[in-house]
Amino acid sequence: MTFDTRGHNGQMTHFDQHDSFWLFGYGSLIWKADFAYLESRPAWIVDWSRRFWQGSHDHRGTPQAPGRVVTLVAERGARCSGMAYRITPAVLAQLDLREKNGYLRELVPIHFVQQQTTLDRATPVPEQRVEGLIYLATPDNAAFLGEAPLNDMAEQIAHATGPSGSNSEYLLNLERALQELGVTDLHVSALAALVKQTA
Ligand code: SIN
């Protein structure tokens, strides 16, 4: 089952006239930045939670045996941390192709993690926020799988594999990348622990 979002995303012209703008990655875009970017910064968005609820029929699974990859679900007050990249509009065609299995471009406020120098710990750092882009797979896309018991999701991830590699590699790379960012995501770590048990 596929739902190719390229046509739809191509009509989104919001950033076309910008020299550059920010893309927020919360899944494989954190650990597999295989596109050109001008700079990257740890960042977060609010009112969204990361969940392994999106089916992957093209990268980490097949149409017959889809894998599970992350999308975001709306949750008031929740905070999702990831990596933001400053990109040019020319990069969007490559990203649209990569994210074509159900993901739509969506505008969100992106908050940057502030780096404070050791010399200046007493001064509060002003919060920085920009309007940027995410790729979001909503429940109405054809590849959406939705919630399932954690054990069932882990079982599916442990066994699925597709043209981009195994589904467990996707999950464990994400777990590692979040650890490196100093981010705790209980959904990701619980699934990773279960998948490691089945390995
Ligand atoms: C993202 O990483 O921001 C989108 C989901 C994915 O490609 O894994």
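FYI, it's all coordinate maths here, none of it is from the lab. What you see is a predicted model; the values in this text were computed from it and never measured. We place every Cβ from the backbone using ideal geometry, glycine too, and count neighbours over all the protein chains shown.
Provide Rg over Rh for the range 1-98; use the alpha carbon set for both Rg and the Kirkwood Rh (inverse mean inverse pair distance).
On the way: Rg = 14.4 Å, Rh = 14.8 Å.
My calculation of the ratio gives 0.97.
Here the peptides 101-107, 128-134 are ranked by packing, the mean other Cβ count within 10 Å, and the order with the highest first is 101-107, 128-134. Report summary: the helix-based calculation at 222 nm, which adds -39500 (n - 2.57) for every DSSP H run with n ≥ 4 and divides by the residues of the chain, gives -7500 deg cm²/dmol.
Based on the Cβ-Cβ distance of A74 and T161, what FRET efficiency does E = 1/(1 + (r/R0)^6) give at R0 = 45 Å, to the nearest 0.05?
Values: r = 30 Å, r/R0 = 0.68.
Result of the calculation: an efficiency of 0.90.
Here the spin labels are modelled as points 7 Å beyond Cα on the Cα-Cβ line, and at E131 and Q94 they lie 2.6 nm apart. Multiplying the residue separation of M12 and K32 by 0.36 nm and removing their Cα-Cα distance gives an extension gain of 4.8 nm.
Relative intensity of the chain on a log10 scale, I(q)/I(0) at q = 0.14 Å⁻¹, equals -0.81, per a Debye sum over C-alpha point scatterers of equal strength in the absence of solvent. A rounded overall shape is assigned to the range 137-199, the ratio a/c of its alpha-carbon gyration tensor axes (a ≥ b ≥ c) being less than 1.5.
For the range 38-46, the Karplus equation 6.51 cos²θ - 1.76 cosθ + 1.60, evaluated at θ = phi - 60°, returns couplings of 8, 6, 9, 8, x, 7, 8, 10, 10 Hz by residue, with Gly and Pro reported as x.
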